[in-house]
Amino acid sequence: SGSGRHWQWLPGSVRCDLHSMSLAGYPSGSAGASAQIAGASAVCGTVSEPYLSGHQRPNVLLYYLLKGYTFGEAAGASTPMIGWMCMNIGDPLYTPLAVGKVKVLDTHKPTLAGGYPQVVPVRKGMADVYVKVLVADAPMPEMALCKIEFGLTADYGQSGDSGPGYFRRHRVHLPGLLAGKQYHYRVILTDPVGNVTVGKDRTFTTAKKAFPQYVLDTREIQMDEGGKATFTVKLLAKPGRKFLTNVSHVSGRHRLKVDKRKIWYDDTNFAKAVTVTLTSSADKTAQDQVTVLRIHDYNKLLVPVTLTVRITNTAPPRSFVVSPRMIEIDEGGSASFVVKLAAKPTQYVPVKLSAAGGDNDITFRPSGLTFLLSNWSVPQTVTVKSAPDADAYDDAKLIGISAKGLNGESVTVRVKDTGGAQSP
């Protein structure tokens, strides 16, 4: 499920999965629509919550498609409630596995239509360009993925592509070009069955004005957990229009807060360095963290840049490994957790278990553990019991785990009441 753009959809592919609201907001903002944009020929989905009983049955859809039925017939048979929340979008007569259908082996390599490729500026008078490509559909219908290799020499060294989806028309952006330079490029087309055409070397010359690029005062930040850090961002040249810049997470820890996720630039403020403040929230782990931020424009015209943020853990290292750290049991019941040392000690370690607060009806045994050099990594079991009581309330207890010279841990016990009478 999720965005259909995360998948490679071959021509003729059909998308259907158990995903609530996969067609909500169609055609924009829906997983089904994004699958069609990325090349799927048909989609089955829902515009709102259908509940499990109301969703299309993917197994039924596949069964009838494999038996040679049309998409309309298979989709209809797989939809349990007509007029409820389901939509099936595609050619109803599409029959990928029709009985008696003659198989065709495609050995024809994709070619460019006459007059293509075309190199056009992203913005008049500026260096960055688009390469427009049209795939020829003779002597037979054809579509392809498109890749453009480019560089200052015929060795190229850089590339851009059309993204997911096999189509006839493509427009590939070549970002970060130097002003007033001759560039070499070639077009590579790949059709759905793997036939590849590598085009000849071609050249173009960029305009004498550089396209705006992002300038950061740093590309790497080191900060402490729970602390703050800043970086600045601006444009190298006038953009010639209003640009919306986004600061977003690419990978890593999302507990890093960014105070300015959207920044607007135009010809009046492009050179002004905007300060972005990062705030790291403390967590319970004893590990350093790394997050990568991406600075990019909404229209994908500028070359995106990344910023690596390394977050140093400031919490004391853990001395114990405890599992689980939260226990839930019914009143009158019992459960257990295990404890071991996180690292090999230099001598035997007596560990004390104590009640750090909570209800006296909750007890645990044993009240102490001993770890030797030979068993420090072997989990030892602690049993927790809850005695029935007369009230009608849930209970809780905190069990502390400690040893001299080590950082302590705790286990939370929650007891669900099973029906005692409420005290007056």
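Nothing in this text is a laboratory measurement; each read-out follows from the coordinates by a stated rule. Every value quoted in this text rests on a predicted model; they were computed, and no experiment measured them. Positions of Cβ are backbone-derived with ideal geometry, glycine not excepted, and every protein chain shown enters the neighbour counts.
Across segment 1-153 the C-alpha pair distances fall into 5 Å bins from zero in the proportions 2, 8, 14, 15, 15, 13, 10, 9, 7, 5, 2, 0, 0 percent. Per the Kirkwood formula applied to alpha carbons, segment 214-312 shows a radius of gyration over Rh ratio, Rg over Rh, of 1.01.
Of Lys228/Lys397; Lys101/Lys300; Lys228/Lys272, which ones are farther than 32 Å apart at the Cα? From the list (Lys228/Lys397; Lys101/Lys300; Lys228/Lys272), the Cα-Cα distance tops 32 Å for Lys228/Lys397; Lys101/Lys300. Pairs of Cα atoms nearer than 8 Å and 6+ residues apart set the relative contact order; for segment 69-140 it is 25 percent. When the alpha carbon gyration tensor of segment 118-205 is reduced to an equivalent ellipsoid, the three semi-axes, largest first, read 24, 14, 11 Å. Under the criterion of Cα pairs below 8 Å and six or more residues apart, the relative contact order for segment 175-283 equals 25 percent. What you get for the chain, charging only the Cβ of Lys and Arg (+1) and of Asp and Glu (-1), is a dipole of about 1880 debye around the Cα centre.
Counting Lys and Arg as +1 and Asp and Glu as -1 over every other residue whose Cβ lies under 13 Å from the Cβ of Pro96, the net charge comes to +1. Cys residues of the chain that find no other Cys beta carbon under 4.7 Å: Cys86, Cys146.
If you wrap segment 100-169 in the convex hull of its Cα atoms and look at it from every side, the mean projected area works out to 6.9 nm².
Give me the net charge of Gln222's neighbourhood, meaning all other residues with Cβ under 11 Å from the Cβ of Gln222; Lys, Arg count +1, Asp, Glu -1. Surrounding charge for Gln222 is -2.
When each of Val102, Val258, Val122 is scored by the number of other beta-carbon atoms lying within 10 Å, the sequence from fewest to most is Val102, Val258, Val122. Plainly put, segment 189-256 has a radius of gyration that is 1.17 times its Kirkwood radius, both from alpha-carbon atoms, as the Rg/Rh ratio.
With the convex hull drawn over the C-alpha atoms of the chain, the volume per residue is 271 Å³.
Size descriptor for segment 320-416, Kirkwood hydrodynamic radius: 13.9 Å (Cα pairs only, one decimal).
Check the straight Cα-Cα distances from Lys200 and name the lysines below 24 Å, setting aside those fewer than 8 residues away within the same chain. Those lysines meeting the cut-off are Lys109, Lys132, Lys147, Lys181. What number, in percent, do you get for the relative contact order of the chain if the mean sequence gap of Cα pairs under 8 Å and at least 6 apart is divided by its residue count? It comes to 9 percent, rounded to a whole number.
Count the net charge of all other residues whose Cβ sits under 11 Å from the Cβ of Pro141, scoring Lys and Arg as +1 and Asp and Glu as -1. Once positives and negatives cancel, what remains is -3. Annotation: the antiparallel percentage among DSSP beta bridges lying fully within the chain is about 85.
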